Amino acid sequence: MELILLNTKSEELILDQQIPAEDIIKKLKLLRYPKTLASDEEKKNNSLLWPTSTQVQAQRRGDRWGYNIHFFVSGPQELTKTIEQFQKAAEQWKNQSH
Amino acid sequence: MEKPIPLNLIQQFEKVFIDEKSWDSAVAERIRTYFPVDKIERVVQEPFVGRGPELSPEEFDRSKKNIFVTTFNGQFFKRCPGATQKKTLTCCNYYVLNLGSQCNMNCSYCYLQSYLNSPVMKIFSNIDQALSELEEMASQHAHLPYRVGTGEVIDSLSMDEITLYSRQLVNFFKKYPKWSLEFKTKSDKVDQFLDLGPAQNVMVSWSINPPYIIQSEEHGTARFEERLAAAEKCVKSGFSLAFHIDPMIWHPEWKENYAFLIDEISRRFTPEQVKVISVGALRFQPEQRHMMRQRFGMKSLVTSAEMFPSEGGKYRYDASLRHEMFQFVLKKFRDHNPAWNLFLCMETPETWLNSFEQTPMQVPGLHDYFRPLPKIKSENSDLASAVKI
């Protein structure tokens with residue numbers, strides 16, 4: 001409804017039934033939140049060097065954008081090494097933000 | 001001689017309903033003196049009853065044009081609602097004294113749109129009771145820095161030419177110099193109490209935005225220049241000031257426009273005259289969106305804004321955009337003079353740390369605002385907190 005009230009062109013709002021629901025939601029979000037989502041995309045492209053043992057996913061949670069990180073370690077040395085690598089990633093992130 | 005109520009203020013209202021219980025009060029007498037007889041009606045209960053639990057946009061609009069003078073039967077003196085959300089917000093020690101509810105101005109983002117459910121603007125006639133509550137607290141804790149504001153659910157001064165409550169409050173607070181009173185307004189109505197100055201513990205504060213935002217979102221309020229001119233009058237008469245750059249509203253030229261605002265404040269006032277400057281970004285309860293859409297359409301910078309649900313439930317701008325906006329304001333003020341006393345209003349601890357790199361208790365000049373104070377009667381009483389306005 002907000003998109004209609006925002007005078008979004010009707011052809012942009014015509015939804016092709018062949019397109020998966022997930023993509024439709026993505027498209028509508030892009031129309032309603034263009035500036036924020038463009039900025040999220042830009043941040044996503046500034047890839048950081050994460051520790052090799054981690055699974056990292058950039059995501060938006062409400063008003064915050066960030067990384068969801070999973071990692072597994074099997075010993076204290078590996079944990080120390082991973083933390084060091086995280087610190088490097090944090091430095092890299094800080095430098096990108098400035 | 002008592003100042004008359006200006007005609008342009010009288011003309012804003014369709015009707016004044018005076019509760020039988022308040023008929024002989026000083027404020028009712030003043031209204032009966034200056035309002036035309038056909039605008040006044042004596043009633044035994046709140047008008048426009050029999051509606052649903054929530055106000056429709058039309059009912060909300062009507063409530064701005066009809067006054068109900070009545071008594072308030074609960075506890076006047078309360079903690080600011082922000083303090084009840086300590087888990088998600090970092091809030092200062094602030095107490096509120098509600099001498100009425102609703103506002104005769106019309107800001108698109110106003111939180112009263114989701115907060116009030118009364119179909120009329122209320123003016124409480126029993127200010128004597130409010131002053132007794134204050135007296136009771138002040139006599140016990142006169143040495144502590146309690147801060148009290150009257151602008152939570154009604155503008156502190158936009159209706160003051162009708163009530164003249166500011167005069168009684170200023171006189172009260174002059175007796176308790178450790179306590180401070182804040183009149184928070186978007187009006188320029190200050191002439192009615194200036195002769196009572198100096199009173200450095202009475203802070204007249206303006207919620208302020210750049211002229212472009214005032215024009216587009218703060219309908220019926222005093223213009224930028226009018227607000228600053230009123231602030232200058234207050235300084236001359238010995239009152240202290242505060243500014244609330246809140247809510248900051250994003251728009252393509254936000255940097256230029258907020259820079260202009262900061263330059264003007266810095267050019268016309270000193271950090272000694274302005275006790276605090278608070279900064280906050282646009283936020284609102286989710287249920288308010290529908291009311292705003294219906295009342296202001298989607299051309300408003302508020303309804304069309306890109307807002308996201310935040311911890312605590314309110315809709316806010318993206319956290320990094322808020323951070324950028326706060327950083328911009330803090331830096332710009334500090335470039336003018338590092339002595340400006342700035343803080344963030346109703347923000348999360350994360351935003352505080354990102355913006356100041358410390359919590360408010362650690363910021364010089366803000367310690368007194370955030371240190372815990374003894375609880376007041378209404379905080380200890382479930383019954384009092386259950387009473388709604």
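The values are calculated or read from the model by the stated rules, or taken from the named source; none is laboratory data. Bear in mind that the values here come from a model prediction, so they are computed numbers and not experimental data. We place every Cβ from the backbone using ideal geometry, glycine too, and count neighbours over all the protein chains shown. Heavy atoms of the whole protein, side chains included, go into the accessibility calculation; ligands, DNA and RNA do not. Shrake-Rupley method; radii C 1.70, N 1.55, O 1.52, S 1.80 Å.
Annotations for the structure displayed:
- For the range B:292-305, filtered to residues that are open to solvent by less than 30 Å² (accessible area, probe 1.4 Å) and part of a loop (DSSP other than H, G, I, E, B), the residue that is farthest from the other protein chains (Cβ to nearest Cβ) is B:Val302.
- Residue ID - surrounded by the fewest Cβ atoms within 10 Å (Cβ to Cβ), chosen from residues in the range A:40-56 that are within 14 Å of chain B (Cβ to nearest Cβ) and touching a residue at least 24 places away in the same chain (Cβ under 8 Å): A:Asn46
- In the range B:310-331, the residues that are within 11 Å of chain A (Cβ to nearest Cβ) and closer than 15 Å to B:Leu344 by Cα form Cβ pairs under 6 Å with partners that are open to solvent by 40 Å² or more (accessible area, probe 1.4 Å) and among the polar types (S, T, N, Q), at six or more places apart or across chains, as follows: B:His323/B:Asn354.
- Residue match in the range B:226-241 (condition: of a type in the set (S, T, N, Q), buried (at least 20 other Cβ atoms within 10 Å of the Cβ), part of a strand (DSSP E or B) and touching a Phe, Trp or Tyr at 6+ places or on another chain (Cβ under 9 Å)): no
- Listed conditions (1) open to solvent by less than 60 Å² (accessible area, probe 1.4 Å); (2) at pLDDT below 95 are all met by B:Arg289, apart from (1).
- Taking the numbered list (1) open to solvent by 80 Å² or more (accessible area, probe 1.4 Å); (2) more than 14 Å from chain B (Cβ to nearest Cβ); (3) in contact with a Leu (Cβ under 6 Å, 6 or more places away or on another chain) in turn, A:Lys88 passes all entries but (3).
- Of all the numbered requirements in (1) more than 14 Å from chain A (Cβ to nearest Cβ); (2) buried (at least 21 other Cβ atoms within 10 Å of the Cβ); (3) of a type in the set (A, V, I, L, M, F, W, C); (4) more than 17 Å from B:Ile214 (Cα to Cα), B:Leu261 misses one, and that requirement is (4).
- Residue satisfying all of: in the range A:57-76; polar (S, T, N, Q) and part of a strand (DSSP E or B); farthest from the other protein chains (Cβ to nearest Cβ) among these: A:Gln57
- Within the range B:269-291, the only residue that satisfies the criterion of being aliphatic (A, V, I, L, M) and part of a loop (DSSP other than H, G, I, E, B) is B:Leu282.
- Tallying residues that are open to solvent by 90 Å² or more (accessible area, probe 1.4 Å) and within 14 Å of another protein chain (Cβ to nearest Cβ) within the range A:6-29 yields 2.
- Per-region count, the range B:166-184, residues touching a residue at least 40 places away in the same chain (Cβ under 8 Å), buried (at least 21 other Cβ atoms within 10 Å of the Cβ) and closer than 22 Å to B:Asn106 by Cα: 1
- Among the residues making up the range B:150-175, those that are farther than 25 Å from B:Phe35 by Cα and modelled with pLDDT of 95 or more are B:Val170, B:Asn171, B:Phe172, B:Phe173, B:Lys174, B:Lys175.
- Within the range B:244-251, one or more residues are more than 21 Å from the chain's Cα centre (by Cα) and within 14 Å of chain A (Cβ to nearest Cβ).
Here's the yes/no breakdown for (1) out of contact with any strand residue (DSSP E or B) (no Cβ under 9 Å at 6 or more places or on another chain); (2) small (Gly, Ala, Ser); (3) in a helix (DSSP H, G or I):
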| position | (1), (2), (3) |
| --- | --- |
| B:Met1 | yes, no, no |
| B:Gln12 | yes, no, no |
| B:Phe17 | no, no, no |
| B:Ala28 | no, yes, yes |
| B:Val49 | yes, no, no |
| B:Glu58 | yes, no, yes |
| B:Arg62 | yes, no, yes |
| B:Phe72 | no, no, no |
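- Residues that are open to solvent by less than 10 Å² (accessible area, probe 1.4 Å) and in contact with a helix residue (DSSP H, G or I) (Cβ under 6 Å, 6 or more places away or on another chain) were ranked within the range B:246-257; the one that is farthest from B:Lys332 (Cα to Cα) is B:Ile249.
- Picking from residues in the range B:273-286 that are in contact with a helix residue (DSSP H, G or I) (Cβ under 6 Å, 6 or more places away or on another chain) and either open to solvent by 10 Å² or more (accessible area, probe 1.4 Å) or at the interface with another protein chain (Cβ under 8 Å from one of its Cβ atoms) (or both), the one that is nearest to A:Gln59 (Cα to Cα) is B:Gln285.
- Boolean, A:Leu37 is out of contact with any Ser or Thr (no Cβ under 8 Å at 6 or more places or on another chain) and either among the β-branched types (Val, Ile, Thr) or surrounded by 15 or more Cβ atoms within 10 Å (Cβ to Cβ) (or both): yes
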